[in-house]
1. Please sort 128-141, 85-98 by packing, taking for each peptide the average over its residues of neighbouring beta carbons within 10 angstrom, highest first.
2. For labels at ALA108 and ILE165 in the simple 7 Å Cα→Cβ model, what's the distance in nm?
3. Among the lysines, select those whose C-alpha is under 26 Å from the C-alpha of LYS127, and discard any that sit fewer than 8 residues away in the same chain.
4. Please work out the FRET efficiency for the pair THR82 and PHE37, using the Cβ-Cβ distance as r and a Förster radius of 25 Å; give the result to the nearest 0.05.
5. Between LEU125 and LEU92, 0.36 nm times their residue separation minus their Cα-Cα distance comes to what?
6. With no solvent and one point on each alpha carbon, what is the Debye value of log10 I(q)/I(0) for the range 106-154 at q = 0.27 Å⁻¹?
Amino acid sequence: MQQEGIFFIFLVFFILPIAVFFTNHDMFFIIMSIILFVTSIRSIHTRIFKSKKNPDSGEREIIEQEMEESINLDIKKLSTGTKVARSMFVILFFTYSSFFVPSILIKALFSLAILYWSYKIVENLTKNKNNPFVIKNKALKGFLEFSSGVLTVILIAIAIYSKFIS
């Protein structure tokens, strides 16, 4: 009985809004553009000014362990699943946006952004495993995240111009 309740809550709070979100493609484009723009600007800001706050990992682990015990849910798997789902939404957005631009060069930039988010999926799925495809160098990883943020802002501006203005 408890699993049916959890499934119903999941259906009402996650599946229904996502279904409504995908029925209107303009709403999908606008909302995803705003979300990606804000997160990209925040990522660029944290890379430039190094203002990322590091939460106390000890407190975080205690809170995650208490939540896991109380609701009987693996928080790490849930976190990995949401990161992968987020990356898949971003890939879907870039694929959708690439249809509006006429230039093959700009479509190649969209493909580059899709490649980055595909890498993020691989990175999230193999976080604790020894994977030769995951970048270990922090400076290179920071540069990659910074350039991805800049590329995302540029591609969103180009897609908005191509979809609504021209």
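Only the coordinates and a few stated rules stand behind these numbers; no lab work does. All of these numbers come straight from a predicted model, not from anything done at the bench. Note that each Cβ is placed from the backbone with ideal geometry, even for glycine, and that neighbours are counted across all protein chains shown.
1. Values: 128-141: 9.3, 85-98: 18.4.
Averaged packing, sorted descending, gives the order 85-98, 128-141.
2. Calculated label separation equals 2.4 nm.
3. Partners found: LYS50, LYS52, LYS53, LYS76, LYS77, LYS83, LYS136, LYS138, LYS141.
4. Numbers: r = 20 Å, r/R0 = 0.80.
Calculated transfer efficiency: 0.80.
5. On the way: separation 33, 0.36 × 33 = 11.88 nm, distance 1.85 nm.
Extra length available between LEU125 and LEU92 comes to 10.0 nm.
6. Reported log10 I(q)/I(0), two decimals: -1.08.
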